[in-house]
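The values are calculated or read from the model by the stated rules, or taken from the named source; none is laboratory data. Only a predicted model underlies this, so the values are computations on that prediction, with no experimental measurement involved. Cβ placement follows ideal geometry from the backbone for every residue including glycine, while neighbour counts extend to all protein chains displayed.
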Amino acid sequence: MHNHQSCGKEQRAWLPLPNGSVAPHPWCVKCGVVKNLTEDRAKKMGYWMNLLAEIASSFGISRAQRRLAALALQAYDGFDDMYSMTGEAQKKVFAKVIKKYFGISESVVYSFVR
Ligand SMILES: [Zn+2]
């Protein structure tokens, strides 16, 4: 992973926002990802690791399963990319990984996310 480098002001891409309006979005000149301009900011890896531990404790998940889930999140490309990731997209990835390794449904996982 690199530090994203935004394109120049005149190169910004006009893209839609969730509210339907369009706005000039900066994007990274090294990899092309578009910057998240919404209020729905990504959370740091530490937040998700704490949540993973909390869910694991609540459901009596083994250490081995916890470790596999943690590794899967860390290996997920761009999961904690604060530049481009949205909180909503992160939540979905997290729930998918937890479902796979803990066997807990996504809606239950969502109930833990604050
Ligand atoms: Zn980049």
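Could you please give the count of residues in the stretch 16-33 that are in contact (Cβ under 8 Å) with a residue 40 or more places away in the chain and among the β-branched types (Val, Ile, Thr)?
Taking the stretch 16-33 as the starting set, the residues that turn out to be in contact (Cβ under 8 Å) with a residue 40 or more places away in the chain are 28, 33.
Okay, now just the ones that are also among the β-branched types (Val, Ile, Thr), so 33.
So the count comes out to 1.
Being among the small types (Gly, Ala, Ser), part of a loop (DSSP other than H, G, I, E, B), within 16 Å of the ligand (Cβ to nearest atom) and under 11 Å from the mean Cα position of the chain (by Cα) narrows it down to one residue among 32, 78; which is it?
Numbers: 32 fails: under 11 Å from the mean Cα position of the chain (by Cα).
Residue meeting the stated conditions: 78.
When you go through 110, 83, 47 one by one, which is the residue that is at pLDDT 95 or above and within 16 Å of the ligand (Cβ to nearest atom)?
83
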